[in-house]
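For reference, the structure discussed in these notes is given below.
The values are calculated or read from the model by the stated rules, or taken from the named source; none is laboratory data. If you're wondering where the values come from, they're calculated on a predicted model, not measured in any experiment. Methodologically, a virtual Cβ is constructed for each residue, glycine included, from the backbone with ideal geometry; neighbour enumeration extends over all protein chains shown.
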Amino acid sequence: MTIAPLPLVRRREELAIRTHCPYCAFQCGIRMADTAGESVPQIQGDPHFPVNNGQLCIKGWTSFALLNHPQRMLSPLVRDVRGGELREATWDEALDRIAEAMRRTKAEHGADANGVFGSGALTNEKAYLLGKFARLALGTANIDYNGRWCMASAAGGSNRAFGIDRGLPFPVEDIAGAEMVVLVGSNCADTLPPIMQWFEKQKAGGGRLAVVDPRRTATARKADLHLPITPGSDLALANGLLYLALEEGFLNRDYIAARTTGFDAVRATVLGYHPAAVERITGVSEAQMRQLIRWIGAAKSCMLLTSRGPEQHSKGVDTVHAWINLALALGLQGKPNSGWATLTGQGNGQGGREHGQKADQLPGYRLIENPDHRAAIAEVWGVPADSLPRKGKSACELLDSLGPTGGIRTLFVMGSNVAVASPDKTRVLNRLKSTDFLAVCDAFANETTALADVVLPVFQWAEENGTMTNFEGRVIRRRRTVRPPRGVRGDLEILQDLAERLGHGHQFAFENSEEVFDEFRRATAGGTADYSGITYAKIDAQDGVFWPCPSKDHPGTPRLFAERFHHPDGRAKFFAVEHRAGGEHPDDAYPYFFTTGRYKEHYNSGAQTRLVQKLVNEKPRPMLQLHPTVARRHAILSDSLVTLESRRGRAEFRAEITSDIRPDTLFAAFHWGGRDAANALTNAALDPISRMPEFKLSAVRIVRVA
Ligand code: SF4
C-alpha cells in the first residue's frame, strides 16, 4: 500500500489540517499546523466543526504528546520462548511468525481456533478489513471487539425497538432545543466535556436537566434534579416513571396507535411498578419520581439519554428497552428535539459496530446468519456465500475460550488492551497466557503486549488516513497530518501483508485507505448502515455525512424516525421488561456495590493517556470514592490505602471520602492495571442478548485499610 501525500485543507485565515481527536466518540474537530512532517504540530480545537465548535477537553489538548513520545515502539518485537524477553525483529520475521502460527493453528485445530480481537478505536476501513481478514484469510468465525463492552446493550435495544442502531438519531445540536433532558448513567461532563456546551445552551433557553446516577458527579451538579439511584435499578425506575405517566395522563395514545406495536403488554407490566415498590428498589423517592415525570410530561420536547451506567449490566438490553418504552409511550421518538438516544463512548464506537468486526455481523450492519445478507457480502468479496463462517463467540466468551480447553489457540489483537479493559481481568490474563500464540498490534507497549509472542508497532491517529463515525452517526475524515516514524506500519498494511502470506493477497489489494473505503461502501449498499453514497470528497464538502446515505446524490440523514421506524411495518416495537437482580448483589460477605467509570484525564485502559505527563500529573492513580459513613465504619482516612475484594480478585486504591456517593456504593475508575485494576473486581456476568458484561455492578468488601 502506498502512502498518499498529506491532504491539506487550507482555509483562508490560516494554514491548517483539519482532523479529529484520537480518543472518544465525540470526535472533536481539531486543527494541526502543517509542518510538512518536520516536527510535531500543536493542536487547536476546530471552531468550524459543528460538534465541538472549537472546544477540546484536556485529553484532546494533550493528544499531540503521543506523536513523538519517547516510549513509542519503533520495531517489531518477537519472543523466542514463553517467559523470555521480547527482542527486536525485522517486519518479515515478525509477520512470518504470525502467519505461520495462524496456518499451523488452522491445520492442527481447525479454522475457528484462530481468534481475532478488534477495537472501537479502529477506523471504519480497518474495522471492515479486519472483519474481511478474519472471514476470508483465516476463515474463522471467532472475531469480536472491545466495543462489545461499550455499546452493545444500547445497540441491542435500539435494533429490536427501532430496527436500526445509531447512537444519536439526531445531531448533537438538537440537545440545545430540548425543553427537558434526562441523562441516565452518564457523567458526560467528565467523559465528553465539550458536550456540556449543548446542555448549557439548553438550560440558557429555559430547559431543565435531570441526572440519574448513584454519584453526584460533575454532570449531576449541573442538573436541576439529581436522582441518586441504587446501582442496577435503572430499569425499575423507567418502569416506575411509565406507571406514573399512565397515572398522570401523559401518554400519547395517538402516537402509540399510529406508530408502535406491543404497548398493551408493557402497560400490563408497568402496572406492577407502584412508586412505593420502585422507591424500595431504586432508592429514589416517590416525590423525586413524580417531580421528574411532571417535568417530562409538561415539556414540549424531551430527550432521554442513556449511557454506560444503565447499559453495562447483565440486564442492559432490557434496561434500554424500559427507557425506550417510556420515550415511545410519551410519543417522543422522532419528534423534534426529543426521544431516546445513547451517548457512545469509544472513538469509533459507532462505525466500529457496523462493519463486520462483531461475531454476528457483516458490513453494513448485516447479520452473518441471514442468508440474504451473506449472499450480498459474498458477492462483493467474490466468494461463495456458504464459504463464509457462521456466527462466532462474543468478546468475553472469545477471551474465555482461549487456550487448549476453550479451543481458541492463537489470538490476533488489533488496538485493544484487553489485559486491562476486560472484566474479571485476572481470569483474562490467565487465558491470554494459555494461548499457543498471541500477536498484538499497538503503538505503545501495554499490559497486553507484555504477554505477546509478537508485537507489531503501528501508526497512530495523526499518521494515517481513514474515516470514523462519531456518536451522532456522522462519518468524518481522519487525516494524515504527520509522517510516521521509521519502523512502524499501518494496520491496513499489516492486514494486507498477513493476507498475502496466507495466500489471500488478491482479496486485499488496495493502494490506500480510500480504495478500502470504496469497496467497504459498496459492501454496505442496501444494508441498514448504508454508506454507499458517502465518499471522501463528500465528507470534506459537508463537514461529515450522516448515514444512511444510499446514493451519491443523497445528502445523508441527520435525523431519523420523523416519518417511520426501520422495521418492515414502519412501526417501533415496545418490549415488556421486568426488573431483576444483577449477576451478584451485596450480601453479608460482600456488603457494598462496586461500580466503575472514567476520569476526564484518561481514556479507557489508559494505554495512551497514562503516557501523557500532564494527564498523569493531574490524575496519577485511581481513587476509591466512598461515603463518610463507610469511612467511619472502617476507620478510613482521606488517602488511606484501601484494599477491596470481590469474589474474583483484589485491588488497592487511595480513599477519597465524599458525600457525593451513596453510602452503599463504592466507585473507582478502570484506567489502570496491576494492583490498581478496578477490573480485577468486576463481574463478567453477561446480558443474554448483547453479551455485555456487568462492569457497573459487583459486590465487594473492604479487607484492609492502611
Ligand atoms: Fe473531544 Fe473526546 Fe477528544 Fe475530549 S477526548 S477532545 S471530548 S474527542
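Regarding Thr405, is this residue crowded, with 22+ Cβ neighbours inside 10 Å and part of a loop (DSSP other than H, G, I, E, B)? If you could, list the steps in order and put the result at the bottom.
Numbers: crowded, with 22+ Cβ neighbours inside 10 Å: no; part of a loop (DSSP other than H, G, I, E, B): yes.
No, not satisfied.
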Tabulated pairs, the range 598-625, first within 25 Å of Ile636 (Cα to Cα) and in contact (Cβ under 8 Å) with a residue 12 or more places away in the chain, second of a type in the set (Val, Ile, Thr) and more than 16 Å from the ligand (Cβ to nearest atom), C-beta under 7 angstrom, 6+ apart or interchain: Leu624/Val642; Gln625/Thr658; Gln625/Ile661
Qualifying positions in the range 367-399 - β-branched (Val, Ile, Thr), assigned to a loop (DSSP other than H, G, I, E, B) and closer than 21 Å to Ala509 by Cβ: Val383
Name the pairs: first residue in the range 493-511 and buried (at least 18 other Cβ atoms within 10 Å of the Cβ), second residue part of a helix (DSSP H, G or I) and basic (Lys, Arg), Cβ to Cβ under 7 Å, at least 6 apart or on different chains? Leu502/Arg103
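Looking at the range 536-553, which of its residues are within 28 Å of Ala385 (Cβ to Cβ) and either over 22 Å from the mean Cα position of the chain (by Cα) or aromatic (Phe, Trp, Tyr) (or both)?
Across the range 536-553, the qualifying residues are Trp547, Cys549, Pro550, Ser551, Lys552.
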Those residues of the range 41-52 which are assigned to a loop (DSSP other than H, G, I, E, B), within 18 Å of Phe26 (Cβ to Cβ) and more than 24 Å from the chain's Cα centre (by Cα), in sequence order: Pro47, His48
Of these, Phe162, Phe170, Phe250, Phe199, which one is touching a Gly at 6+ places or on another chain (Cβ under 9 Å) and either closer than 30 Å to Gly364 by Cβ or among the basic types (Lys, Arg) (or both)? Phe170
Filtered residues of the range 556-591 (kept if more than 26 Å from the chain's Cα centre (by Cα) and within 13 Å of Gly334 (Cα to Cα)): Ala562, Glu563, Arg564, Gly570, Arg571
Say whether the condition of being surrounded by fewer than 24 Cβ atoms within 10 Å (Cβ to Cβ), of a type in the set (Gly, Ala, Ser) and touching a strand residue (DSSP E or B) at 6+ places or on another chain (Cβ under 9 Å) is met by at least one residue in the range 335-358. no
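Quick one: count up the residues across the range 596-635 that are aromatic (Phe, Trp, Tyr) and assigned to a strand (DSSP E or B). Steps first, please.
Of the range 596-635, the ones aromatic (Phe, Trp, Tyr) are 599, 603.
Of the ones still in play, those that are also assigned to a strand (DSSP E or B) are none.
The qualifying residues number 0.
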Please work out if Thr191 is over 17 Å from the mean Cα position of the chain (by Cα), surrounded by 24 or more Cβ atoms within 10 Å (Cβ to Cβ) and over 24 Å from Cys549 (Cβ atoms). no
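Quick test for you: out of Phe459, Phe471, pick the one residue that is in contact with a Gly (Cβ under 8 Å, 6 or more places away or on another chain), among the aromatic types (Phe, Trp, Tyr) and more than 23 Å from Leu138 (Cβ to Cβ). Break it down into steps so the answer makes sense when it comes.
Numbers: Phe459 fails: more than 23 Å from Leu138 (Cβ to Cβ).
Unique residue meeting the criteria: Phe471.
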Pick from the range 640-679 the residues that are under 20 Å from the mean Cα position of the chain (by Cα) and not in a strand (DSSP E or B): which of them is farthest from Gly185 (Cα to Cα)? Gly673
For the range 375-428, what are the residues that are touching a strand residue (DSSP E or B) at 6+ places or on another chain (Cβ under 7 Å) and farther than 25 Å from Ala107 by Cβ? Ala376, Ile377, Ser394, Ala395, Cys396, Gly415, Ser416, Val418, Pro423, Asp424
Selection from the range 681-706 of residues under 19 Å from the mean Cα position of the chain (by Cα) and in a loop (DSSP other than H, G, I, E, B) yields Thr682, Asp687, Pro688, Ile689, Ser690, Arg691, Met692, Phe695, Lys696, Leu697
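Table: residues versus (1) within 30 Å of Leu644 (Cβ to Cβ); (2) of a type in the set (Gly, Ala, Ser).
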{"residue": "Ala419", "(1), (2)": "yes, yes"}
{"residue": "Ser422", "(1), (2)": "yes, yes"}
{"residue": "Thr426", "(1), (2)": "yes, no"}
{"residue": "Ala439", "(1), (2)": "no, yes"}
{"residue": "Arg478", "(1), (2)": "no, no"}
{"residue": "Arg489", "(1), (2)": "no, no"}
Look at the range 336-366 and say how many of its residues are in contact (Cβ under 8 Å) with a residue 40 or more places away in the chain and part of a loop (DSSP other than H, G, I, E, B). 20
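Could you list, in sequence order, all residues of the range 51-95 that are touching a Phe, Trp or Tyr at 6+ places or on another chain (Cβ under 9 Å) and either closer than 30 Å to Gly473 by Cβ or surrounded by fewer than 19 Cβ atoms within 10 Å (Cβ to Cβ) (or both)? Walk me through how you get there before you give the answer.
Applying the first criterion (touching a Phe, Trp or Tyr at 6+ places or on another chain (Cβ under 9 Å)) to the range 51-95 yields 51-52, 57, 59-60, 63, 66-67, 69, 71-73, 75-76.
Correct list: Val51, Asn52, Cys57, Lys59, Gly60, Ser63, Leu66, Leu67, His69, Gln71, Arg72, Ser75.
On the given criteria, is Leu626 buried (at least 21 other Cβ atoms within 10 Å of the Cβ) and under 23 Å from Thr448 (Cβ atoms)? Give the steps one after another, and end with the answer.
On the way: buried (at least 21 other Cβ atoms within 10 Å of the Cβ): yes; under 23 Å from Thr448 (Cβ atoms): no.
So Leu626 does not fit the description; no.
Consider Leu411 carefully, then state whether it is under 22 Å from the mean Cα position of the chain (by Cα) and either surrounded by fewer than 24 Cβ atoms within 10 Å (Cβ to Cβ) or closer than 23 Å to Ile689 by Cβ (or both). Show your work before the answer.
Numbers: under 22 Å from the mean Cα position of the chain (by Cα): yes; either surrounded by fewer than 24 Cβ atoms within 10 Å (Cβ to Cβ) or closer than 23 Å to Ile689 by Cβ (or both): no.
So Leu411 fails the test.
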Considering only residues of the range 564-612 that are within 16 Å of the ligand (Cβ to nearest atom) and of a type in the set (A, V, I, L, M), which is surrounded by the fewest Cβ atoms within 10 Å (Cβ to Cβ)? Leu611
Would you mention how many residues in the range 120-170 are on the phi > 0 side of the Ramachandran plot and among the β-branched types (Val, Ile, Thr)? 0
Whether any residue in the range 617-637 is more than 29 Å from Tyr23 (Cα to Cα), at pLDDT 95 or above and in contact with a helix residue (DSSP H, G or I) (Cβ under 8 Å, 6 or more places away or on another chain) is what I want to check. yes
Matching entry among Glu656, Glu645 (being within 26 Å of Pro193 (Cα to Cα), at pLDDT 95 or above and of a type in the set (Asp, Glu)): Glu656
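For (1) among the aliphatic types (A, V, I, L, M); (2) in contact with a Gly (Cβ under 8 Å, 6 or more places away or on another chain); (3) farther than 18 Å from Arg135 by Cα, each residue gets a yes or a no:
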| position | (1), (2), (3) |
| --- | --- |
| Phe510 | no, no, no |
| Ser513 | no, yes, yes |
| Thr528 | no, yes, yes |
| Thr535 | no, no, yes |
| Ala541 | yes, no, yes |
| Lys552 | no, yes, yes |
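Conditions (1) at pLDDT below 95; (2) surrounded by 19 or more Cβ atoms within 10 Å (Cβ to Cβ); (3) among the aliphatic types (A, V, I, L, M); (4) in contact with a Leu (Cβ under 8 Å, 6 or more places away or on another chain), marked per residue:
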site: Ala258; (1), (2), (3), (4): no, no, yes, no
site: Asp264; (1), (2), (3), (4): no, no, no, no
site: His274; (1), (2), (3), (4): no, no, no, no
site: Ser285; (1), (2), (3), (4): no, no, no, no
site: Met289; (1), (2), (3), (4): no, yes, yes, yes
site: Arg294; (1), (2), (3), (4): no, no, no, no
Report whether or not Arg480 is surrounded by 19 or more Cβ atoms within 10 Å (Cβ to Cβ) and modelled with pLDDT under 95. yes
